[in-house]
Amino acid sequence: MLDARKLTCTRDERTLFSELSFTVSAGEMVQVAGQNGAGKTSLLRILAGLAQPEEGEVCWQGTAIARQRDVYHQDLLWLGHQPGIKTALTAFENLSFFHADCAETLRWQALAQAGLVGFEDVQVNQLSAGQQRRVALARLWLSSAKLWILDEPFTAIDTAGVEKLTRQMARHTEEGGMVLLTTHQPLALSSVRQIELGGSH
């Protein structure tokens, strides 16, 4: 469903990876691995349509994402290094903004799942870095997007939170969704495929 075709990425005249091709199908979880500076975040940004490759293209359902940007972004949930939430709003208001179509009770439940009980009505800029991360990650309990692209989702999250998030990602793939992520944490899942950057690329 997601098809990377001969991607080449250059940063500051240095080639991070070249001729990189792979496919992610429904029900798959794929971890992009590699040393710092290998191009993991750059690859995820290209796959999310936020950056352009030097060469190659990314296709979704057989069509280049550049030609169906709106359709693709409806099917995509992207969470990058920055939480990407509105700091002037409360945690609950953020979920109301991003998921206005979800029932109010589901938004409260998502914040509870993300470990934010008691912080739902606190303005985001008053929250710690870890709590702000949790506000963004609460979207994983509400999103209907088929493809999740997550860049270091476990940053500033405690062990219990990581376990809960991992279970939610596994549930998404079991229901036919796809997860593409980078993480420095070992994933306690048997069915994760790895794409290694560096070395041969």
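The values are calculated or read from the model by the stated rules, or taken from the named source; none is laboratory data. Predicted model, so just to flag it, every value in this text is computed and none were measured. A quick note on method: Cβ atoms are made from the backbone with ideal geometry, for glycine too, and the neighbour counts reach across all protein chains shown. Side chains included, ligands, DNA and RNA excluded: accessible areas come from the protein's heavy atoms. Shrake-Rupley method; radii C 1.70, N 1.55, O 1.52, S 1.80 Å.
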**Request:** Can you send over the solvent-accessible area of residue 25, 1.4 Å probe, protein chains only, in Å² to the nearest 10?
**Result:** 50 Å²
**Asked** Per the 1.4 Å probe, what fraction of the accessible area of the chain, in percent, lies on carbon and sulfur atoms?
**Response** 46 percent
**Fill in**
Taking every DSSP bridge whose two residues both lie in the chain, the antiparallel percent to the nearest 5 is 45 percent
**Request:** Leaving out ligands and nucleic acids, note down the accessible area per residue over segment 78-142 with a 1.4 angstrom probe, in whole Å².
**Result:** 49 Å²
**Item:** Highest-MSF residue in the chain out of 20, 76, 189 [GNM, Cα springs under 10 Å]
**Value:** 189
**Item:** Near-label residues of segment 125-156 by backbone N, under 18 Å of a point 7 Å along Cα→Cβ of residue 184
**Value:** 129-131, 133-134, 150-156
**Prompt:** Taking the chain as a Gaussian network, Cα atoms linked when under 10 Å apart, which of 175, 57, 152 shows the biggest mean-square fluctuation?
**Reply:** 175
